[in-house]
1. Name, by its number, the condition in (1) assigned to a loop (DSSP other than H, G, I, E, B); (2) surrounded by 15 or more Cβ atoms within 10 Å (Cβ to Cβ); (3) not hydroxyl-bearing (Ser, Thr, Tyr) that does not hold for PRO123.
2. Being in the same structural domain as GLY229 (by TED's automatic domain parsing), surrounded by 23 or more Cβ atoms within 10 Å (Cβ to Cβ) and within 34 Å of the chain's Cα centre (by Cα) is true for just one of VAL170, VAL158. Which residue is that?
3. How many of the residues in region 200-238 are buried (at least 18 other Cβ atoms within 10 Å of the Cβ) and without any contact (Cβ under 8 Å) to a residue 60 or more places away in the chain?
4. Could you say whether any residue in region 102-109 is modelled with pLDDT under 95 and outside the structural domain of MET197 (by TED's automatic domain parsing)?
5. Considering only region 180-238, state which residues are part of a loop (DSSP other than H, G, I, E, B), closer than 19 Å to PRO103 by Cβ and more than 12 Å from the ligand (Cβ to nearest atom).
6. I'd like the full set of residues that are touching a strand residue (DSSP E or B) at 6+ places or on another chain (Cβ under 8 Å), away from the ligand (no atom under 13 Å from the Cβ) and among the small types (Gly, Ala, Ser), limited to region 100-147.
7. In region 154-170, what count of residues is obtained for those that are touching a Leu at 6+ places or on another chain (Cβ under 8 Å) and either within 16 Å of the ligand (Cβ to nearest atom) or in a helix (DSSP H, G or I) (or both)?
Amino acid sequence: MSWRGSGSGFRSRSSSRSSNGGSSFSGGSAGGPPLSVMIGLALGAGLIMLIVMIASNANPGGFVASAPRPTATPRPTATPRPTAAPVASQPTSAPATGGANEPGGSNVVNETPAQTVEIRAAPDALAFAQTSLTLPANTVVRLDFVNQNNLGVQHNWVLVNGGDDVAAAVNNAAQNNADALFVPPPDTPNALAWTAMLNAGQTGSVTFRTPAPGTYLYICTFPGHYLAGMKGTLTVTQ
Ligand SMILES: [Cu+2]
């Protein structure tokens, strides 16, 4: 019953509007107070819209100001990374050296020598005091090189597997081995035996097995000494 009553009341309102026949404006203008209320509402809505627009404009303005800051910050963090990488690569490339300044050679053995021999440096020249030496073949020999000289220069004793043609290659390999004081690098071809590079006044030894019978050169591989004539001949007998 109450639902019908409300429905009937709704019908009566719509019928009354249609009965006026005029537009809704004429009906609105007829009532003075509703027009002022409508203007007030419109003005209020306009003010709210302005406030919202101003507020919304202020927020994006803040985002624009803060946006360049994050793009600027990653730049300083990216620059230290490339500087750290080469620092890490340097210690890995550093160990590539020609070995230590110590005796070596393909004929070096760790056996009790059957024979010992002494070679001395010339006291006042870039030369060996003995320019010839004779040893038996296939014999373990300990050679003591005494670097007593008045020039205060470094020398070593290097036995090569041939003559001057082979000695030149061994000498070049040693002179490029500054990290080990110009001794031949490990596994240098045709380098049979060598002592360490000795300061003036030092004595160094190397124990090696003598090669097959023949003639062999021994040289000093300190830069310039072999070219200055610091060499001798080893004759290996049967
Ligand atoms: Cu020398």
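The values are calculated or read from the model by the stated rules, or taken from the named source; none is laboratory data. Because the structure is a prediction, the values reported are computed rather than measured. Quick reminder, even Gly has a Cβ in these numbers, built from the backbone with ideal geometry, and neighbours come from all protein chains shown.
1. (2)
2. Details: VAL158 fails: within 34 Å of the chain's Cα centre (by Cα).
After applying the criteria, what remains is VAL170.
3. 3
4. Within region 102-109, the subset modelled with pLDDT under 95 is none.
Within region 102-109 (the criterion being modelled with pLDDT under 95 and outside the structural domain of MET197 (by TED's automatic domain parsing)), the answer is no, since none of the residues qualifies.
5. PRO184, PRO185, PRO186, ASP187, THR188, PRO189, ASN190, ALA196, GLY201, GLN202, THR210, PRO211
6. Residues satisfying the conditions are GLY104, GLY105, SER106, ALA114, SER132, ALA137.
7. 9
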